[in-house]
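The values are calculated or read from the model by the stated rules, or taken from the named source; none is laboratory data. All figures in this text were calculated on a predicted structure; none of them were measured in a lab. Methodologically, a virtual Cβ is constructed for each residue, glycine included, from the backbone with ideal geometry; neighbour enumeration extends over all protein chains shown. In case anyone asks, the SASA skips ligands and DNA or RNA and just uses the protein heavy atoms, side chains included. Shrake-Rupley method; radii C 1.70, N 1.55, O 1.52, S 1.80 Å.
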Amino acid sequence: MTDLGNEQKTRFSTQVSPAVQARVRATVRGVVAATGTDYSLAQLVEDALMAYCARLEEQYHFGSPWPLSDRPLRPGPRVGG
């Protein structure tokens, strides 16, 4: 799990299928029940994104993070459409 301290949070939106949403919510509830912690949806998403970025960086960029950029990403196809 990430430890980002008091880093400011901003909204980060995307489309996710209902099946994935249901599984994620069930996972958060399961972690809370199993650990007795205040694990949240936001924490799971941040942990998952950081872990997957690290995996892709390892696979395609010699294990190093890519340079940060403020340029917007192109929109992708709509989920389920």
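For the criterion of being of a type in the set (A, V, I, L, M, F, W, C) and in contact with a helix residue (DSSP H, G or I) (Cβ under 9 Å, 6 or more places away or on another chain), LEU41 passes. Looking across segment 27-77 at every residue that is touching a residue at least 40 places away in the same chain (Cβ under 8 Å) and open to solvent by less than 90 Å² (accessible area, probe 1.4 Å), the one that is farthest from ASN6 (Cα to Cα) is identified as ASP47.
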